[in-house]
Each structure stands twice: as C-alpha cells, then as structure tokens.
Amino acid sequence: MSRVVVMGVSGCGKSTVGSLLADRLGVPFLDADSLHPPANLAKMAGGVPLTDADRWPWLRLVGSALAGAPDGTVVACSALRRAYRDVLREAAPDVRFVHLVGTHAQLSARMSSREGHFMPASLLDTQLATLEPLEPDEQGIALDCTLDPAELVQKATLDSPARVRT
C-alpha cells in the first residue's frame, strides 16, 4: 500500500508528478485543490492568501481521502507547514511526502506561463514564506522540481523514502 503526498508551493509540478507517480504505483490520484470549497478558490483567485482557518477543514478532507484509500493513493497537496502535514499524518500515519523544491525565479516563471489556473503568481511569496521544509523525522524526500517529471517519479519510487533526503 502506498499513500503519498506530492507537496510544495504552487507551480512546482505537484499535479503532473503526482499523476505520473500514481500511474507508476497503480493507485488513484487526487488533486487536493478539488477538495477546496468555492470560497477558498475564490480567495486565492482574487490574490488573497488562505488563513489557517480556511485551511484546517480542507486539510481534514485531504486526510480523510488519504485514510479512505485502503489500497493507496497519491495526493497533490501543498502541505506547506509541518502542522498541516501533521493533520495528514493523523489521518494516515503511513503517508510519505515527496517535496518538489524550486527557486523563486523557477516557480514564478512556471506560474506566469500557466493558463486557466486559479492560483495567481502574486501568491508565490506568501506560499514560500509559509513553507516549512520536511524535517528529518518526517517520512519523505525533497526533489528538485526542475528535473524531468519522469525522472522525479523514478527518484520518488526508487528511494522509497524513510527519511528526508535531497
């Protein structure tokens, strides 16, 4: 069974890598953005960062989705802070994290080139300010988001992370 959260700020490739990883593992893929209530999506689309009060109910839904996948799943979810990841771990203690990391310039360029996405590039700074990288006691791996998505999937599956590595 594999429960994996592909995490990171907007523009790092969570959905692309998560979908490919789910295919590779033979489990369903879920983009956690689809679980946001309309009010959250409207705030972000309007350039307003979410508060923790906005995030907690959403994170509980993501945790329920992880827990409710008896045969495993891959979820694309920002999971920016340790406390957010703790909520996911409470629901699914065996969850592993794949943190896609990039520089401000790389991420900004990716976000600016996207069409039709609700998250504006103007929120990148707040996401980076909120981001708390995986800590050594968290089960996961950090990978350079500029690598080819297929290479990222290979690194994520070959390593079967038991602790944080970069």
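Counting only residues that are touching a helix residue (DSSP H, G or I) at 6+ places or on another chain (Cβ under 6 Å) and buried (at least 19 other Cβ atoms within 10 Å of the Cβ), how many does segment 25-39 have? Result for segment 25-39: 3. Applying the selection to segment 129-160, what residues are of a type in the set (Asp, Glu) and buried (at least 18 other Cβ atoms within 10 Å of the Cβ)? Glu138 - this is the single residue of segment 129-160 that is of a type in the set (Asp, Glu) and buried (at least 18 other Cβ atoms within 10 Å of the Cβ).
Pairs meeting the criteria (first residue in segment 1-29 and at positive phi, second residue part of a helix (DSSP H, G or I) and open to solvent by 20 Å² or more (accessible area, probe 1.4 Å), beta carbons under 8 Å, at least 6 apart or on different chains) are Gly8/Lys14; Gly11/Ser108; Gly11/Arg110; Gly11/Ala121; Gly13/Arg110; Gly13/Pro149.
Hey, among the residues in segment 36-68 that are under 14 Å from Arg81 (Cα atoms) and part of a loop (DSSP other than H, G, I, E, B), which one's modelled with the highest pLDDT? Top of the filtered list is Thr51. Sort out which residues of segment 1-35 are in a helix (DSSP H, G or I) and either touching a Cys at 6+ places or on another chain (Cβ under 6 Å) or of a type in the set (A, V, I, L, M) (or both), and write them in order of number. Answer for segment 1-35, where residues must be in a helix (DSSP H, G or I) and either touching a Cys at 6+ places or on another chain (Cβ under 6 Å) or of a type in the set (A, V, I, L, M) (or both): Val17, Leu20, Leu21, Ala22, Leu25, Ala32, Leu35.
Conditions tested, residue by residue: (1) at pLDDT 90 or above; (2) acidic (Asp, Glu); (3) open to solvent by less than 30 Å² (accessible area, probe 1.4 Å); (4) not in a helix (DSSP H, G or I).
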residue	(1), (2), (3), (4)
Val75	yes, no, yes, yes
Ser78	yes, no, yes, yes
Arg85	yes, no, yes, no
Glu90	yes, yes, no, no
Pro93	yes, no, no, yes
Val98	yes, no, yes, yes
Ala105	no, no, no, no
Met111	no, no, yes, no
Glu115	no, yes, no, yes
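The values are calculated or read from the model by the stated rules, or taken from the named source; none is laboratory data. None of the values given here were measured: they were computed from a predicted structure. With ideal geometry, Cβ positions are generated from the backbone for all residues, glycine too; neighbour counts draw on all protein chains shown. Heavy atoms of the whole protein, side chains included, go into the accessibility calculation; ligands, DNA and RNA do not. Shrake-Rupley method; radii C 1.70, N 1.55, O 1.52, S 1.80 Å.
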